[in-house]
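Take a look at the structure set out below.
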Amino acid sequence: MSEFLRDYLTVVWFGAIALVLAGLLLGIAALVRPNKPNAQKLIAYESGVDPVGDGWSQSQIRYYIFALLFVVFDVEAVFLFPWATQLERYGTFGLVEMGIFVFVLLLGLVYAWRKGVLRWV
Amino acid sequence: MIAVDLPYWAQSLLRVLGGTVAVLLPAGTIVYLFLFKMMSFMQSRLGPMEAGPYGSMQLFAEVGKWLQKEDIQPERADKKIFKIAPLIVLVSTFILVAVVPFGPDAFFTDFEAGVFYFLAVSSVSVLGILIAGWSSANKYSLLGGLRAAGQLIAYELPMVLAVVGVVIQAGSMNMQQIVFAQNHGSIFGWDGLGNPYVLTQFVGFGVFMIAVQAELTQTPFDMPIAESELVSGYMTEYSGFRFLIFFIAEFANVGIFALIASVLFLGGWGVPFSWFGWDSMDAVDDWMNIVGPLIMIGKMLALSFLIMWVRFSYPRLREDQLQRFAWKVLIPVSLVNIMLTAILKVAF
């Protein structure tokens, strides 16, 4: 197994320990906790009033344009990190290149700003 | 170290188990008590006093109490998903620890791209929150989950961009290398303090801590769990032990983000290497493997104090104020910070 995969084995162990721990405690809880369901107890909680309609009601997701912008900037971050580690080697050349890249992105942000997309509608 | 020739999987399992029991469990207990006491004093009350001397066994009392609580699952809920959601939050909290180095040899993983790993895993717990909100079939929970998603989208970016400055300065995404670069560095040729990046990247540190506050949904960014309007948001329908998992994961996440912030900005486990004349990672003395975790816990306490202090000092922002602050202040500031850091790095 390569060193790289071995590191991920450690991650798997951490996940496994979390699951075993939670499983163990939930198992103990299942043995000692009371279980007395009734119809009133099992309806959705709406501050003591009987719920109106379905819990999965329609609601407006106002930030979907933010989500689109997020994808753009997240991809930008993927480009930024490799550049950041090698900046010393690239020197001024890398600096100017990335300056142009970040400037174009900032331009995009300013454009979205001017178009009023960054406003909560 | 271990005389018996164990297969690799057993070695790494032992390492993880040992690390969890020796470092994380005591650290968790201490941090839990520390935060509880601290927030109690800020609100002029005593906090936990009954469980153990000075309330020190509060965490265990908490577990014992919640074990006995009924596990109510709403009838309309998507039960399978409803049960899985807290586990996702717990697992993502645990595997986030894997990337934190505690000493020259006391680390769990040594990822070449540790910063990437941290950024990727830290956004997984929000998936748990989102599906908890959806599966509860409750309007409060649904709104809470959606708000959590919107908040993650807004504050993930400032956090990622704030870290870029650190990566530029260290020239590496490996957590150990970042620690090394800080403790081995010097400020204008003076190496008495090393070069903790909080001094040079103070803008990045500020942006990072604000983004962490938002990622952890702590006040002033706690719309997803706003108790006065959403009745704890995505946690509304949870009861019994599953609620406790969410509750403890929240505190654990504060501690872990504090650990990571101290690695990135405060010099991690190290002391300035010039004090002892260490000039490479191999030259660091072995006793740092004992002192390192203690230093890390100290820094974690300091930073989680900061997070909690802010939490108890500021009122809640509105959803639109939150989005505006992220997109119109934090992101431009962190982009400018990146370019300034890069220019200074090339110039010097």
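Diffusion coefficient of the protein assembly as shown by Stokes-Einstein, Kirkwood radius over Cα pairs, 4 °C, 1.567 mPa s: 55 µm²/s. Quantify how strongly other chains surround peptide B:107-120 by giving the mean number of their Cβ atoms within 10 Å of each of its Cβ atoms. Mean shielding count: 3. Pairs of Cα atoms nearer than 8 Å and 6+ residues apart set the relative contact order; for region B:90-221 it is 22 percent. Which shape class, rounded, prolate or oblate, goes with region B:1-144 when its Cα gyration tensor gives a ≥ b ≥ c as root eigenvalues, a/c under 1.5 marks rounded, and past that a/b bigger than b/c marks prolate? Verdict is oblate for region B:1-144. Taking the fewest neighbouring Cβ atoms within 10 Å as the starting point, the ordered list for A:Thr92, B:Thr29 is A:Thr92, B:Thr29.
Peptide A:30-40 is shielded by partner chain Cβ atoms: per residue, an average of 3 of them sit within 10 Å of its Cβ. Once the Cα-Cα distance is subtracted from the 0.36 nm per residue extended length, the A:Ile61 to A:Val32 segment shows a gain of 6.3 nm. Cross-link reach is defined here as a Cα-Cα straight distance under 20 Å, omitting same-chain residues fewer than 8 places apart; for A:Lys41 the aspartates and glutamates meeting it are A:Asp50, A:Asp54, B:Glu70, B:Asp71, B:Glu75, B:Asp78, B:Glu237.
Report the extension gain between B:Leu127 and B:Trp190 in nm, rounded to one decimal, defined as 0.36 nm multiplied by the number of residues separating them, less their alpha carbon distance.
On the way: separation 63, 0.36 × 63 = 22.68 nm, distance 4.55 nm.
Once the chain is fully extended between B:Leu127 and B:Trp190, it gains 18.1 nm.
Available extension along the chain between A:Ile43 and A:Gln86 is 9.8 nm, counting 0.36 nm per residue and deducting the alpha carbon span.
For the options B:Ala162, B:Ala61, B:Ala148, a Gaussian network treatment of chain B with springs between C-alpha atoms closer than 10 Å singles out B:Ala61 as fluctuating the most. Label-to-label distance, A:Glu97 versus B:Ala10, with points set 7 angstrom from Cα along the beta-carbon direction: 4.9 nm. Against chain B, whose longest principal axis is taken from its Cα atoms, helix B:25-42 shows a tilt of about 70°. Region A:4-72 to region B:152-172: how many Å between their Cα centroids? About 29 Å separates the Cα centre of region A:4-72 from the one of region B:152-172. Its residue count N sets the reference 2.2 N^0.38 Å, and the alpha-carbon radius of gyration of region A:59-121 equals 1.41 times that reference. The alpha carbon convex hull volume per residue for region B:232-279 rounds to 92 Å³.
Between helix B:288-313 and chain B, what is the angle of the helix's C-alpha long axis to the longest principal axis, kept within 0 to 90° and rounded to the nearest 10? For helix B:288-313, the angle is close to 50 degrees. Tell me whether region B:241-348 comes out rounded, prolate or oblate; compute the Cα gyration tensor, take square roots of the eigenvalues as a ≥ b ≥ c, and use a/c under 1.5 as the rounded threshold. Because a/c hits 1.5 or more and a/b fails to exceed b/c, region B:241-348 counts as oblate. Taking Cα atoms only, the orientation of helix B:79-97 departs from the longest principal axis of chain B by about 20 degrees. Relative contact order for chain B: what is it in percent, counting Cα pairs under 8 Å that are at least 6 residues apart? Dividing the mean separation by the residue count of chain B yields 23 percent. Shown here: region B:1-56, whose C-alpha atoms stretch 55, 19, 14 Å along the first, second and third principal axes, sorted largest to smallest.
Modelled this way, with points 7 Å down the Cα-to-C-beta line, the labels at B:Ala347 and B:Arg324 are 3.4 nm from one another.
As a check on your grasp of the helix formula, calculate [θ] at 222 nm for chain B: sum -39500 (n - 2.57) over DSSP H runs of n ≥ 4, divide by the residue count, round to the nearest 500. Show your work: numbers first, answer last.
Details: 15 runs with 219 residues, N = 348.
Computed mean residue ellipticity for chain B: -20500 deg cm²/dmol.
Working from Cα pairs under 8 Å separated by at least six residues, relative contact order for region B:195-249 is 14 percent.
Average 1/r across all pairs of distinct alpha carbons in chain B, invert it, and you get the Kirkwood radius: 21.4 Å.
Packing-based ranking of B:289-298, A:24-33 yields B:289-298, A:24-33, ordered from highest to lowest mean Cβ neighbour count within 10 Å.
I need the shape label for chain A. Rule: rounded when a/c is under 1.5, else prolate if a/b > b/c, else oblate, with a, b, c from the alpha carbon gyration tensor. The shape class here is oblate.
In terms of other Cβ atoms within 10 Å, B:Ile338, B:Ile248, A:Ile100, B:Ile343 run from fewest to most in the order A:Ile100, B:Ile343, B:Ile248, B:Ile338.
Please identify which residues in region B:54-77 have an amide N closer than 14 Å to a label point set 7 Å out from the Cα of B:Met39, following the Cα→Cβ vector. Label zone hits: B:59. Ordering B:Tyr54, B:Tyr140, A:Tyr64 from the fewest to the most neighbouring beta carbons within 10 Å gives A:Tyr64, B:Tyr54, B:Tyr140.
Laboratory data are not the source of any read-out in this text; all were calculated from the coordinates shown. The model shown is predicted, which means the values in this text are computed figures rather than measured ones. When we count neighbours, we look across all protein chains shown, and the Cβ atoms used for this are built from the backbone with ideal geometry, even at glycine.
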